[in-house]
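> For reference, the structure I am asking about is given below.
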Amino acid sequence: MDYEQYITNIGTPKEYSDSMYLVYLELYKADEELAKIIAEHCKIVSELEFGYICEANMQSIPEIARSLSLKNHAIYQIIRLVKLS
């Protein structure tokens, strides 16, 4: 399968707008300490057994990852689900 058509325009690291995205953060668990760290950077919409659904702008995603990793918390995946605004 030729994936080139799917991956041509998916990168957004230079997106500095205020656009918000729905993002899934999968962690090893969900707890108050993790929620507090994540909430410093975005709005938590829903808590799941192994993570959170959040509203975040693109530039806050690396900040979330950095803040969690500095506290030695494992991140299993971060998925941008949909652009909200």
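The values are calculated or read from the model by the stated rules, or taken from the named source; none is laboratory data. These figures come from a predicted structure and were not determined experimentally. In this analysis, Cβ positions are derived from the backbone assuming ideal geometry, glycine residues included, and neighbour counts consider all displayed protein chains. Ligands, DNA and RNA are stripped out before the accessible areas are found, and what is left, the full protein with its side chains, is counted by its heavy atoms. Shrake-Rupley method; radii C 1.70, N 1.55, O 1.52, S 1.80 Å.
> Give, as residue ranges, the strands (runs of 3 or more DSSP E) completely inside the stretch 28-85 that count at least 3 residues that are touching a residue at least 24 places away in the same chain (Cβ under 8 Å).
Fully inside the stretch 28-85 and qualifying: 51-56, 75-83.
> Let me ask something else. If I filter the stretch 49-81 down to residues being aliphatic (A, V, I, L, M) and open to solvent by 70 Å² or more (accessible area, probe 1.4 Å), which single residue comes out as nearest to residue 15 (Cα to Cα)?
81
> Please go through the stretch 28-43 and give me each residue that is in contact with a strand residue (DSSP E or B) (Cβ under 6 Å, 6 or more places away or on another chain) and open to solvent by 50 Å² or more (accessible area, probe 1.4 Å), ordered by number.
43
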